[in-house]
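What follows is a set of notes on a single structure, which appears directly below.
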Amino acid sequence: METVNGQWFMKCCDTSDPACMKSQDDLLTLIRELGFLPLFSNDIAGFSVEEHTSAEAWWTGDPGTDPWEWRISLARHPEIAYGKFFDKKAGFIHKDIFPVFANYRRNGYDFDALFDEGMVSHRAKRIMDVIGLSDESVGREVMTYELKEQAQFGKDGGEKNFDGTLASLQMQAYLIMSDFRQRRNKRGQPYGWHIAAIEAPEAKWGYEFVTSAYNESPDVSWEKISGKMNLRFPSADANAIQKVLGIPYPDKATGQKVAAKPSSTVVWPESLLKEIGDLPLQLSVDQLEGLRYAISTLKKNEQAVIKLRYVEGKQWDEIADELDRSKGRLLQVRKRAVSKLKHPSRIRFIRKGQRGVTEEENSLKVRCRNAGTLEEQIQILNGINLYECALSVATAYRLIQAGYPSLGHIAKALDDDPLCFTRMQNSWDHSWREVIPILLEYGINCSKVDETYEKQPKSILSLGLSHQLYLILLKADLDTVEKLEKLILTDPDRLLRLRGLGEKRRSELLTKLKGIGIDISLIEKTAG
């Protein structure tokens with residue numbers, strides 16, 4: 001589109017033109033062929049939906065022929081990303097080439113890493129925080145008007161330039177328009193214009209796919225993008241291609257990509273301690289050993305990043321070359337590792353030292369064993385956070401969420417009701433073998449728990465079944481080992497006829513039952 005003497009003109013084609021698109025399928029075919037396509041005309045002739053459609057077809061409201069309506073259904077299409085990708089104007093990018101766009105437009109950085117390097121604004125951070133993309137690529141789909149409100153943009157004391165910030169995040173391939181919907185009145189009836197729903201492309205296609213080009217230089221990704229344009233539009237001016245497909249990153253004045261800010265000098269362990277925060281910058285020998293131990297509990301790739309960056313003091317470019325990863329990916333790993341080091345289960349080793357933690361635990365165990373009554377023991381155990389004992393983090397989290405923040409709360413709950421944990425969904429069978437040995441170390445008498453629990457029907461969870469087999473048995477009301485054993489003895493044929501119990505899952509079930517000493521000869525004979 002262009003404006004001449006105040007009038008608006010569209011650069012459309014005639015309906016008789018063989019290249020004129022008449023349906024959404026025609027447009028989808030062209031996008032698949034080109035890989036990416038702006039909605040409206042630009043400085044590259046023929047490179048737009050507008051120039052391949054007739055003027056009469058636009059804004060008729062007919063979903064079959066109106067290109068303006070096509071964008072709504074294509075935004076939902078599993079192969080297409082729609083957003084303001086082309087000089088902050090709308091267009092389409094096909095799934096096959098989106099990772100290349102993401103790598104170039106993001107300069108190889110995930111958003112959090114880019115923000116940590118000071119290369120995006122706090123306004124963009126407000127918007128991305130509302131989207132809430134997790135490490136598992138789970139994020140929210142938010143209507144633009146809701147996003148504006150929740151990110152605290154507005155005239156009355158809020159942030160400004162919402163539209164510009166949102167367009168920049170789409171240009172950088174961090175956000176897409178995933179759908180268009182109308183608002184609804186109190187009676188649930190739709191009204192007004194269709195409004196865009198915003199989400200992260202990772203939520204649509206997954207993090208691994210969207211970032212699959214991170215292992216190559218952003219310059220290589222740009223060569224791939226511009227190379228496709230040169231092949232399809234050989235006469236297009238290089239400056240026009242840069243304007244439509246490129247991105248001034250982040251210097252809008254020059255239009256040139258800017259390298260990340262140089263990293264400051266790294267000093268071990270002070271630089272890492274500053275990242276973790278709320279710690280003294282000078283550690284004792286024992287605290288330093290505690291820090292090394294805490295690092296050793298991280299994943300291998302997290303340990304490698306921490307060691308190369310903070311112990312050996314290497315710059316991110318050097319680490320990227322050594323580990324064959326992009327700087328953006330490494331900064332994300334660094335952020336996750338530092339977050340884990342802040343967790344109570346690890347930071348206590350840094351604060352108290354490795355030997356200090358052991359001595360404190362031993363002292364508490366002696367005090368608890370020497371206590372005269374259970375009430376005195378519980379009072380001592382109330383000071384022990386579940387994250388600060390030998391429980392796994394997953395078990396500690398489960399128990400804390402269930403309302404048991406300390407070992408004292410667990411000891412009291414088990415004394416009042418030895419079966420209290422059996423009513424916690426998916427908890428007791430996985431957790432009690434961890435909890436009981438720890439309580440015994442502190443001198444807590446757990447015989448009542450063991451005796452009571454042993455008398456109860458054992459849940460099939462204790463067999464360690466696959467999720468599919470567990471659901472099959474649960475649906476057949478076979479939720480305990482005792483029910484299974486009784487069925488084998490009285491009606492083995494029914495067990496063999498359970499819906500969904502194929503040969504593979506039947507073999508798994510029989511192996512598990514045989515492993516706990518149940519006689520399965522009768523059912524083997526029936527199956528044979």
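Considering only residues that are modelled with pLDDT under 85 and either in contact with a helix residue (DSSP H, G or I) (Cβ under 6 Å, 6 or more places away or on another chain) or surrounded by 16 or more Cβ atoms within 10 Å (Cβ to Cβ) (or both), which ones fall in segment 400-413? Give the steps one after another, and end with the answer.
Kept after step one, since they are modelled with pLDDT under 85, are these residues of segment 400-413: 401-402.
Of everything in segment 400-413, just one residue is modelled with pLDDT under 85 and either in contact with a helix residue (DSSP H, G or I) (Cβ under 6 Å, 6 or more places away or on another chain) or surrounded by 16 or more Cβ atoms within 10 Å (Cβ to Cβ) (or both), namely 402.
Kindly check whether there is at least one residue in segment 441-451 that is outside the structural domain of residue 519 (by TED's automatic domain parsing), modelled with pLDDT of 80 or more and of a type in the set (A, V, I, L, M).
So far as segment 441-451 goes, yes, one or more of its residues are outside the structural domain of residue 519 (by TED's automatic domain parsing), modelled with pLDDT of 80 or more and of a type in the set (A, V, I, L, M).
Which one of 363, 339 is more than 23 Å from the chain's Cα centre (by Cα) and either of a type in the set (S, T, N, Q) or outside the structural domain of residue 118 (by TED's automatic domain parsing) (or both)?
Every option except 363 fails the conditions.
The rows are residues; the columns are (1) of a type outside the set (A, V, I, L, M, F, W, C); (2) more than 28 Å from residue 48 (Cα to Cα); (3) free of Cβ contacts under 8 Å to residues at least 40 places away in the same chain.
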{"site": "150", "(1), (2), (3)": "yes, yes, yes"}
{"site": "159", "(1), (2), (3)": "yes, yes, yes"}
{"site": "173", "(1), (2), (3)": "no, no, no"}
{"site": "181", "(1), (2), (3)": "yes, no, yes"}
{"site": "194", "(1), (2), (3)": "yes, no, no"}
{"site": "202", "(1), (2), (3)": "yes, no, no"}
{"site": "205", "(1), (2), (3)": "no, no, no"}
{"site": "213", "(1), (2), (3)": "no, no, no"}
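If you scan segment 75-124, which residues turn out to be touching a helix residue (DSSP H, G or I) at 6+ places or on another chain (Cβ under 7 Å), surrounded by 23 or more Cβ atoms within 10 Å (Cβ to Cβ) and small (Gly, Ala, Ser)?
Hits for segment 75-124 are 81, 83, 102, 108, 113.
Counting only residues that are within 16 Å of residue 331 (Cα to Cα), free of Cβ contacts under 8 Å to residues at least 24 places away in the same chain and not in a helix (DSSP H, G or I), how many does segment 114-145 have?
1
Kindly indicate whether any position in segment 164-185 is at pLDDT 90 or above, in contact with a Pro (Cβ under 6 Å, 6 or more places away or on another chain) and either part of a loop (DSSP other than H, G, I, E, B) or hydrophobic (A, V, I, L, M, F, W, C) (or both).
Yes: one or more hits.
Of the residues 127, 131, which is under 21 Å from residue 204 (Cβ atoms), in the same structural domain as residue 196 (by TED's automatic domain parsing), of a type in the set (Val, Ile, Thr) and touching a Gly at 6+ places or on another chain (Cβ under 6 Å)?
Every option except 131 fails the conditions.
Do the conditions hold for residue 53, that is, is it closer than 16 Å to residue 23 by Cα and surrounded by 24 or more Cβ atoms within 10 Å (Cβ to Cβ)?
Taking the combined requirement at face value, the residue satisfies it.
Check whether at least one residue in segment 311-331 is crowded, with 18+ Cβ neighbours inside 10 Å and within 27 Å of residue 355 (Cβ to Cβ), and report yes or no.
no
The values are calculated or read from the model by the stated rules, or taken from the named source; none is laboratory data. Values in this document were obtained by computation on a predicted structure and should not be read as measured data. Heads up, the Cβs are rebuilt from the backbone with ideal geometry, glycines too, and the neighbour counts pull from every protein chain shown.
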